[in-house]
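The values are calculated or read from the model by the stated rules, or taken from the named source; none is laboratory data. Predicted model only: the values in this text are computed from it and were never measured. Cβ atoms come from the backbone with ideal geometry, glycine included; neighbour counts cover every protein chain shown.
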Amino acid sequence: MSRSYDVAPVTPIDYRRLAEKRLPRFLFDYIDGGANDEQTMAANVADFAAVRLRQRVMRDVSGVDTSTTLAGRPAAMPLALAPVGMAGMFARRGEVIGIRAADRLGIPFSLSTLGVCAMEELRAASPSQFWFQLYMMRDRNAVQRLLGRARAAGCDTLLFTVDLAVPGARHRDVRVGMIGRPTLKMKLGKVRQLVTRPGWIRDVGLRGKPHTIGNLSDVVPDPTDLNAYKTWIDSQFDPSVTWKDIEWLRRIWDGKLYIKGVLEPDDARAAADTGADGVVVSNHGGRQLDGVASSISKLPGVAAAVGERVEVLLDGGVRSGIDVLKAVALGARGVLIGRPWVWAAAGAGQQGLVDMLENFRRELQVGMALAGVARVADVGPGIIDA
Ligand SMILES: Cc1cc2nc3c(=O)[nH]c(=O)nc-3n(C[C@H](O)[C@H](O)[C@H](O)COP(=O)(O)O)c2cc1C
């Protein structure tokens, strides 16, 4: 719909539109896409929409409080920013934008192994604790070095991602030449995408340098060569990882450990048995195995299996404060958002991200009030219209 007046962005989908205008197409598609036919990605959102809440009245909701704790620390609402690789290619120093916005709201930020900004840059930008996300590498010494750096940077919570034994089949990335061997025509198309986005070129392409994978800059000969990282990462991702490796990780990492990317109750039990402090119910935002169920539909089973033993978080398809409320009601301690935060950072910068997160909080607050609950601890299955 075209309008003759300017409208303020409110929801993640509004920010998505801004990101689409700002980013070269191949980068926008890299964020936006999922695996194969993107069925799981669509189900993540659709299944949230299918959950119905119960409206409860006359319950004194004059002092609704959205605060809680996540990974043992206070959080202003049960929401954290998910690890997103290369966020600094979507917005200038995107990871710094992310942590500063998260600080403003009082919620956790997660830094991907594959972030543009290194953990030391984050530490310099913000005094707060961030969560560090790890992929297992074949070179276990490199893993140990990364964890040592994370500790030194003041990080005490590790998200260990387990749903990327091999990368998912992301057809969109092949189509736009993000992966595979692009033809000359595709290369020229990419140049055209770049020149039609002068704002991105100025802000991120030029002023957003260095474009590195900051946490891995010591493992490649030339830290500014993004292709060198790709070669290294392709040779290092370790599909042989099993629960035994988590036991090893548990021994060398004395901070909190969350296993990110479980959907099945049995896997969640195995995670709890290795001594993990939490699990993240996740299918990587529908970017890995297409055809698996949505995270929200798997949440109750996982929460029933391990909710008493470990903290259960969820990500995938969370697009509003109402979705946060639904996830908490169905057994999550809290949720993470991936695409929404990078859409806001890419489309409207740090202030845009702060505004969007504030809107999440307002929506949660209003949702709690109208469902008749004043505290997060009181949000439970009773507010779900089963
Ligand atoms: C562009 C992009 C990059 C991502 N990179 C990582 C990553 O480096 N590590 C990781 O564990 N998950 C990564 N994820 C998955 C997110 O952490 C999260 O699980 C997912 O985005 C949640 O779904 P949502 O985007 O619907 O909120 C990435 C997701 C996107 C969209």
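Numbers below:
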item	result
Some residue of segment 327-342 being closer than 30 Å to GLU95 by Cα, more than 12 Å from the ligand (Cβ to nearest atom), touching a Gly at 6+ places or on another chain (Cβ under 8 Å) and not aliphatic (A, V, I, L, M)	yes
Search result, residues across segment 109-150 that are over 20 Å from LYS230 (Cα atoms), touching a Lys or Arg at 6+ places or on another chain (Cβ under 7 Å), modelled with pLDDT of 95 or more and not in a helix (DSSP H, G or I)	SER126
Residue tally, condition in a helix (DSSP H, G or I), surrounded by fewer than 17 Cβ atoms within 10 Å (Cβ to Cβ) and among the hydroxyl-bearing types (Ser, Thr, Tyr), over segment 221-253	2
Segment 154-178, subset more than 13 Å from the ligand (Cβ to nearest atom) and either at positive phi or in a loop (DSSP other than H, G, I, E, B) (or both), residue surrounded by the fewest Cβ atoms within 10 Å (Cβ to Cβ)	VAL166
Any hit, segment 108-119, residues being more than 28 Å from VAL328 (Cα to Cα), in contact (Cβ under 8 Å) with a residue 60 or more places away in the chain and away from the ligand (no atom under 16 Å from the Cβ)	no
Enumeration of residues in segment 296-317 that are of a type outside the set (D, E, K, R) and more than 13 Å from the ligand (Cβ to nearest atom)	SER297, LEU299, PRO300, GLY301, VAL302, ALA303, ALA304, ALA305, VAL306, GLY307, VAL310, VAL312
Qualifying residue in segment 344-363 (condition: more than 16 Å from ALA8 (Cα to Cα) and either surrounded by 24 or more Cβ atoms within 10 Å (Cβ to Cβ) or of a type in the set (Phe, Trp, Tyr) (or both))	no
Filter result for ALA293 (within 16 Å of the ligand (Cβ to nearest atom), over 22 Å from SER112 (Cβ atoms) and either assigned to a loop (DSSP other than H, G, I, E, B) or in contact with a Cys (Cβ under 7 Å, 6 or more places away or on another chain) (or both))	yes
